[in-house]
1. Got a sec? Which of Thr198, Thr211, Thr240, Thr253 is at pLDDT 95 or above, polar (S, T, N, Q) and within 19 Å of Trp70 (Cβ to Cβ)?
2. Can you name the residue in segment 225-269 that is over 28 Å from the mean Cα position of the chain (by Cα) and not in a helix (DSSP H, G or I) and is also farthest from Gly340 (Cα to Cα) among such residues?
3. May I ask you to say which residue of Ile156, Ile180, Ile133 is in contact with a Cys (Cβ under 9 Å, 6 or more places away or on another chain), surrounded by fewer than 23 Cβ atoms within 10 Å (Cβ to Cβ) and of a type in the set (Val, Ile, Thr)?
4. When both residues are 6+ apart or on different chains and their Cβ atoms are under 7 Å apart, which pairs have a first residue that lies in segment 406-420 and is assigned to a helix (DSSP H, G or I), and a second that is of a type in the set (S, T, N, Q)?
5. Could you tell me whether segment 192-209 includes any residue that is buried (at least 23 other Cβ atoms within 10 Å of the Cβ) and not in a helix (DSSP H, G or I)?
6. Let me confirm something: among Ile414, Ile382, Ile418, which residue is of a type in the set (Val, Ile, Thr), under 30 Å from Ala332 (Cα atoms), crowded, with 18+ Cβ neighbours inside 10 Å and out of contact with any strand residue (DSSP E or B) (no Cβ under 9 Å at 6 or more places or on another chain)?
7. Return a yes/no flag: does segment 286-297 have any residue that is crowded, with 17+ Cβ neighbours inside 10 Å, more than 25 Å from Leu183 (Cα to Cα) and in contact (Cβ under 8 Å) with a residue 24 or more places away in the chain.
8. Could you list, in sequence order, the residues of segment 324-339 that are assigned to a helix (DSSP H, G or I) and not hydroxyl-bearing (Ser, Thr, Tyr)?
Amino acid sequence: MRNYILKNWFGWAFLMAILARVAMTPLAYHGDILVQAGWGRWIFDHGMRGFYENNIWIYGWPNQPPIISWLYGQCFHLYQSIYTTMIVWGNFIASHRLGASHILWFYDFQDWWGNAKYMDTPFKIAELITMKIPSIMADGVLAYMIYKMVGKAGAIIYLLSPFAWYESGIWGQHDQLSLIFLLTAFWLVTAKKLMWLTPVMMAVSILLKPTAFIFGPLLLWISVRDKNTFKQVVIGSGVTVILYILLVKIISTFDFWTFNIYLQRQMFAKGEYWTWVNTFNGWRIITPYLTDYRQLFLGINLRMWGFIVFGIINILAFKIGQKRDWDSVLKAMFVVVSGGWMVMTTMHERYLFTAIVVGLILAMKNKKLFKYWIVLSLIFWINMFNGWWYPESFLWLKNILTWGNEMDGVVPRILAVINLILMVKIVRIMVKEKK
């Protein structure tokens, strides 16, 4: 048995990392999960059509794209399927006298799964746990993709990294799902395989997490590498538009333009006018808490300055990725997302997820980057913990981060400076490697 486990260590480690995430799911429930559960319950009860038109909500109005919203509804179907399966098996065991008295724990768990409520919410604990399952499954898929790109070590490092299990098992965010389709989109166009699917994959990524929009200029630039590539991408773009029009027709009573205007307002017009939102980025270094990005500097508001600098960062990314092969495109992706997160306003901490995962892939290809990536990934994990403060067993870390000022302490600002230094160092190594 021992030899079997040692021989198949990768598979066992992979499985244990996924199961450990499942075990973590009851430790904490972010407010985001409650909002998403509210949407998921509505979709489970009524279907997608009319979801965005409904105006009665407990926790918040729908402000996320259709595909991820549909997935929230499927989580409730998954919960119901698991519960039904347990009831069927429990009844079968009891009715056939197969030793039900020896597995009372199973019946206790079945009762808990079907009835235990989470505090004073309308949701069962098991329903909230199930909301995290897609993220955990996506972790497995993403780890497999990393394995195919850089080997077993890269996949295991990802699965064991604090930021990865925290984002899926504890928080229940879905950046992993979007990244799977984003990486697929860029791989297809660089490998010149089924290139017409590139825009479809990109659209799915955006409809899971709109943060993928940031890669639009880079993908367009890569797509004009030659006439055939551009032609295939144009065809794929047409297919994508048609599919999206059909999707809107199916799920909404609004006409196409009204739906998109409404969705755009819900996703982006949230009333947040701050330069930074709990992020250890460049704006945290140079502006205090609750700085309004509409303030002017040299006649230009701070938000626009962020876009200007991001435009310059894209030029650097184009230069780094000018070979348009897979390795150079990964480097360009890191530059785009880390640079954009560092300089644009109203960024959230989890928007850096793509940079950390792509950074791991690059670090496994170039070991000079690995020590910088380790520190960057740990700070990213700390940034996600900062402000939410769960699990509560990490009280010591909260005390460090809030030392001096709970909302705008010196420690997060120091970590933001370290983030900037690490990102610049990583990019410099990539530029030198290119030469």
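1. Working: Thr198 fails: within 19 Å of Trp70 (Cβ to Cβ); Thr211 fails: at pLDDT 95 or above; Thr253 fails: at pLDDT 95 or above.
Result of the check over Thr198, Thr211, Thr240, Thr253: Thr240.
2. For segment 225-269, the residue satisfying everything is Thr253.
3. Values: Ile156 fails: in contact with a Cys (Cβ under 9 Å, 6 or more places away or on another chain); Ile180 fails: in contact with a Cys (Cβ under 9 Å, 6 or more places away or on another chain).
Every option except Ile133 fails the conditions.
4. Pro412/Asn386; Ala416/Asn281; Asn419/Asn281
5. Yes, segment 192-209 contains at least one residue that is buried (at least 23 other Cβ atoms within 10 Å of the Cβ) and not in a helix (DSSP H, G or I).
6. Working: Ile414 fails: crowded, with 18+ Cβ neighbours inside 10 Å; Ile418 fails: crowded, with 18+ Cβ neighbours inside 10 Å.
Criteria check complete, one pass: Ile382.
7. First pass over segment 286-297, keeping only residues crowded, with 17+ Cβ neighbours inside 10 Å: 287, 291, 293.
From the residues that got through so far, the ones that are more than 25 Å from Leu183 (Cα to Cα) too are 287, 291, 293.
With the extra rule that they be in contact (Cβ under 8 Å) with a residue 24 or more places away in the chain, the set shrinks to 293.
Looking through segment 286-297, at least one residue is crowded, with 17+ Cβ neighbours inside 10 Å, more than 25 Å from Leu183 (Cα to Cα) and in contact (Cβ under 8 Å) with a residue 24 or more places away in the chain.
8. First pass over segment 324-339, keeping only residues assigned to a helix (DSSP H, G or I): 326-339.
Result: Trp326, Asp327, Val329, Leu330, Lys331, Ala332, Met333, Phe334, Val335, Val336, Val337, Gly339.
The values are calculated or read from the model by the stated rules, or taken from the named source; none is laboratory data. Keep in mind that what you see is a predicted model, and the values were worked out from it rather than measured. FYI the Cβ positions are ideal-geometry reconstructions off the backbone, even for glycines, and counts take in every protein chain you see.
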